[in-house]
Amino acid sequence: MTDTTSVRDTILAVLSEVLFEPVEALRTEPVLAVHQWDSVISLEALVRIEERLAVSLDLRSYHEAREVDDLVDLVVAAGASVNVRL
């Protein structure tokens, strides 16, 4: 069973790193486009999310994500490991 809170926290940490935004800013405004989300940042986040959560995501579904919770839902559905690697 996947711990959704750990997945969310890990995704927020990754997004904070690649977007150079504090986690709180991403919680306050979860729409990725507001935070300069582009193709390069998106791919960097994808690599880090897959590595840290031991999951392989469908690229098309990943690119359809518009908000933080969309990414969380996608990762949980893909069966992310509960042993989060930071």
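None of the figures in this text is laboratory data; all of them are computed from the coordinates on show. All of these numbers come straight from a predicted model, not from anything done at the bench. A quick note on method: Cβ atoms are made from the backbone with ideal geometry, for glycine too, and the neighbour counts reach across all protein chains shown.
Before we move on, is Ser16 in contact (Cβ under 8 Å) with a residue 24 or more places away in the chain, surrounded by fewer than 19 Cβ atoms within 10 Å (Cβ to Cβ) and hydroxyl-bearing (Ser, Thr, Tyr)?
Here the answer is no, as Ser16 does not meet what is asked.
Considering Ala33, Ala45, Ala65, which residue is surrounded by fewer than 17 Cβ atoms within 10 Å (Cβ to Cβ) and hydrophobic (A, V, I, L, M, F, W, C)? Show your work before the answer.
Details: Ala45 fails: surrounded by fewer than 17 Cβ atoms within 10 Å (Cβ to Cβ); Ala65 fails: surrounded by fewer than 17 Cβ atoms within 10 Å (Cβ to Cβ).
From the options Ala33, Ala45, Ala65, the qualifying one is Ala33.
Criterion first (under 13 Å from the mean Cα position of the chain (by Cα) and of a type in the set (S, T, N, Q)) does Ser39 satisfy it?
In short, no.
State the number of residues belonging to the stretch 1-59 that are part of a helix (DSSP H, G or I) and farther than 16 Å from Ala80 by Cβ.
So the count comes out to 21.
Residue-wise test of (1) in contact (Cβ under 8 Å) with a residue 60 or more places away in the chain; (2) within 21 Å of Val76 (Cα to Cα).
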{"residue": "Thr10", "(1), (2)": "yes, yes"}
{"residue": "Glu21", "(1), (2)": "no, no"}
{"residue": "Glu24", "(1), (2)": "no, no"}
{"residue": "Glu44", "(1), (2)": "no, yes"}
{"residue": "Arg52", "(1), (2)": "no, yes"}
{"residue": "Leu57", "(1), (2)": "no, yes"}
